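Working notes for the structure below.
A short reminder: the numbers here are calculations on the coordinates, not readings from a lab. It should be emphasised that the depicted structure is a prediction, and the values quoted were computed from it without experimental measurement. Neighbour counts run over all protein chains shown; Cβ positions are idealised from the backbone, glycine included.
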Amino acid sequence: MASLQKRLNSTGRHRIKRERVTVLLHEGVEGQIPWAEAKINLGNMRLPPDATVAFEAYYRSSSMRFSCGTVAAPIVPDRMYLTDIDQGGAIRFRILVIAPDGSGKILAAADGLRPSDEEDGSDRQPLLVLRERNLGSELWRIDIDDRSGPILLVTNSIPGFAARLKSSPLLQGLVFPHALRTILQKLPPPDDENDDNWSDSWRTFLGELGVSTEPEDDEPDTVHSWVEEAAKRFCEAKMFSVRARESGEILEISHD
Amino acid sequence: MIEPVRRLSEEGMRAFGAWIRAGAPGSVPAIFLSDPAVALVGAETIDIDDRRFESRFAFGEYLTTLLAGLDPHALSYDRGLWSWLAARYFEQLCFRESAGSRKLRPEYSYVLSENFRHYYRHLVRTPWYVVKTHGNNARFLLASMQLTDPAPLSRHSELLEQLGSRQAILGSPSLIAAASQIYSDSTTGRPLPGTSSKGRGSPRRLRDIANQLALTFDTRDMLPNELIGLLPKEFSRWRGHITVNSQQVRA
């Protein structure tokens, strides 16, 4: 779907590369409204100096916009409070540069931007980012953005759950294989035109598991077999059952 | 009457929801209105009154003024506040039929849901939100189809349902201004006949077309007349009544 949308855009819109934008998301403690800050560099992009710049936060069908001045005189608000964003998932961001002639035409854009993770000390981006959210009664789910890919959302209502998931082979074995299945079922096709196609890193991962990078055909049975093979290889590589047994984590089962 | 803001506690919201699910018998229990253990007293005060509102738009205008002094960053998600206000105005949000029973909507129409996607169906928060965001352009979203409506605050129009289900649409000044021009009588502010349909040229289709246009155009903030000019022929049946002029139509 992401590549189809891209092919539909034939207006010569410039792509704002990710390295020109830095977004930080401050989520605070439960009950506080999250806010974002951003740095935007539009220098040397040959855009009209009086074109307006807009910063948007969005999740699913909710979005908020913040005016950020013009290309020549950008004014990014210090704190952008995300008061009208659905808090139930991974918030993404976009930058828009809009023609100054009143036509509303978008001249340049960056979409599907993730916030920089302040905990990431290394240059290596994790394959699957984990975020804590208010998920109501759910404990976890996979959220997939067409442009930026999957995020593992875990509930923030159980203290320590996210940290436990990172260290517990038992919890990992319960969650990760099914997360992988969900992601593979929605893996977009390769797109040579798009440097940021999120499926590329997942195909690399499949290769490392010894699984083909895509199913042989689109038949449901074929796709299912491919997904199950990947899940099986993944579980074997991670040795969830052995590690869970050896970790001493105990599932108490009552015998009524 | 100046009084402190109140918010239903989590337990209060659960109890309020249970009372609604039980058919909302009798009058609203006083505990939801003033019991300090259930309707928690806030630090702020508001000048609240209990008059009857002749329209949802008038209610929205009143709420915008009433809540202007509260923290705007927190207000949108303040489930306890919105639920308490629903309890406060419940007799207008849920009228009694002649036999005494109530015509109830889903619980989230009164108790603000934890699910953001239900927000636009809340009978108190939504009038506030759309009037605050769109001013007079919100009138058609909140208008009753009946010329004389005995219970205007209890309504949730199909038009609002079609446009409100995507907050990106409901939050867009240009789209709502354009929709107001397309679908409402400029004299009365009421929706035109046929706006509840779901076929070609309907508000639902406007919503879908807007998503496609958003790939190329700034549908959120561009001039409404420019946006209307981009719409496909299926919207032509509405255009006959639109007076195209050079004025910007903004809230």
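Summing charges over neighbours of A:Ala237, with a neighbour being any other residue whose Cβ is under 12 Å away from its Cβ, gives +2 when K and R count +1 and D and E count -1. Angle between the Cα long axis of helix B:125-134 and the longest principal axis of chain B, 0 to 90 degrees, nearest 10? Once rounded, one gets 40 degrees. This model, with +1 at the C-beta of Lys and Arg and -1 at the C-beta of Asp and Glu, gives the protein assembly as shown a dipole about its Cα centre of some 1580 debye.
What separates the Cα centres of segment B:95-166 and segment B:50-77 is a distance of 14 Å.
Temperature 25 °C, viscosity 0.890 mPa s: under these conditions the Stokes-Einstein estimate for segment A:10-99, based on its Kirkwood radius over C-alpha pairs, is 176 µm² per second. Taking amide H atoms as placed 1.01 Å from N in the peptide plane, the amide H of A:Thr70 lies under 5 Å from those of A:Val53, A:Ile75, each 5 or more residues away in sequence or on another chain.
Can you give me the convex hull volume of the Cα atoms of segment B:91-141, divided per residue and expressed in Å³?
Details: hull volume 4.7 nm³, N = 51.
Cα convex hull per residue, to the nearest whole number: 92 Å³.
The Kirkwood radius of chain B, taken over pairs of alpha-carbon atoms, gives through the Stokes-Einstein law at 10 °C and 1.306 mPa s a diffusion coefficient of 83 µm² s⁻¹. Pairs spanning more than 32 Å between alpha-carbon atoms, out of A:Lys105/B:Lys198; B:Lys103/B:Lys198; B:Lys132/B:Lys198; A:Lys39/A:Lys238: A:Lys39/A:Lys238.
Among B:Phe57, B:Phe217, B:Phe90, the residue with the largest mean-square fluctuation in a Gaussian network model of chain B, with springs joining Cα atoms closer than 10 Å, is B:Phe217. The Cβ shell under 13 Å around B:Gln162 holds other residues with a net charge of +3, Lys and Arg each +1, Asp and Glu each -1.
Counted residue by residue at 0.36 nm each, then reduced by the alpha carbon distance between them, the extension gain from A:Arg243 to A:Asp221 reaches 4.8 nm. If you take all other residues with their beta carbon under 11 Å from the beta carbon of A:Trp35, and give Lys and Arg +1 and Asp and Glu -1, the sum is -2. Placing a label point 7 Å from the Cα of A:Thr22 along the Cα-to-Cβ line, the residues of segment A:84-102 whose backbone N sits under 20 Å from it are A:92-96. Taking the longest Cα principal axis of chain B as reference, the axis of helix B:173-183 is set at about 70 degrees. Place +1 on the Cβ of every Lys and Arg and -1 on the Cβ of every Asp and Glu in chain A, take the dipole about the Cα centre, and give the residue among A:Phe240, A:His224, A:Gln32 whose Cα lies farthest towards its positive end. Checked the options; the winner is A:Gln32.
Across chain A, the volume of the C-alpha convex hull divided among the residues equals 173 Å³ per residue. The phi-based Karplus calculation (6.51 cos²θ - 1.76 cosθ + 1.60; θ = phi - 60°) puts the 3J(HN,Hα) values of segment B:197-208 at 5, 10, x, 4, x, 7, x, 4, 5, 4, 4, 5 Hz, whole numbers, x for Gly and Pro. By how many degrees, between 0 and 90 and to the nearest 10, does the Cα long axis of helix A:169-185 differ from the longest principal axis of chain A? Once rounded, one gets 50 degrees.
Could you work out the helix-only [θ] at 222 nm for the protein assembly as shown, with each DSSP H run of four or more residues adding -39,500 (n - 2.57) and the total divided by the number of residues, to the nearest 500 deg cm²/dmol?
Details: 20 runs with 172 residues, N = 507.
That comes out to -9500 deg cm²/dmol.
A P(r) calculated from all alpha carbon pairs of the protein assembly as shown, with 10 Å bins opening at zero, reads 3, 16, 24, 24, 19, 10, 3, 0 percent.
Close amide-amide hydrogen proximity is noted between B:Ile46 and B:Glu3, B:Val5, each under 5 Å apart and 5 or more residues distant or on a separate chain (H modeled in the peptide plane; Pro and chain starts excluded). In this structure the amide hydrogen of A:Leu107, modeled in the peptide plane, comes within under 5 Å of the amide hydrogens of A:Val97, A:Ile98, A:Ala99, none closer than 5 places in sequence on its chain.
Taking every alpha-carbon pair in segment B:117-251 and binning the separations at 5 Å intervals from zero gives 2, 11, 22, 25, 22, 12, 5, 1, 0 percent. For segment B:132-174, the alpha carbon convex hull comes to 80 Å³ per residue, rounded to a whole number.
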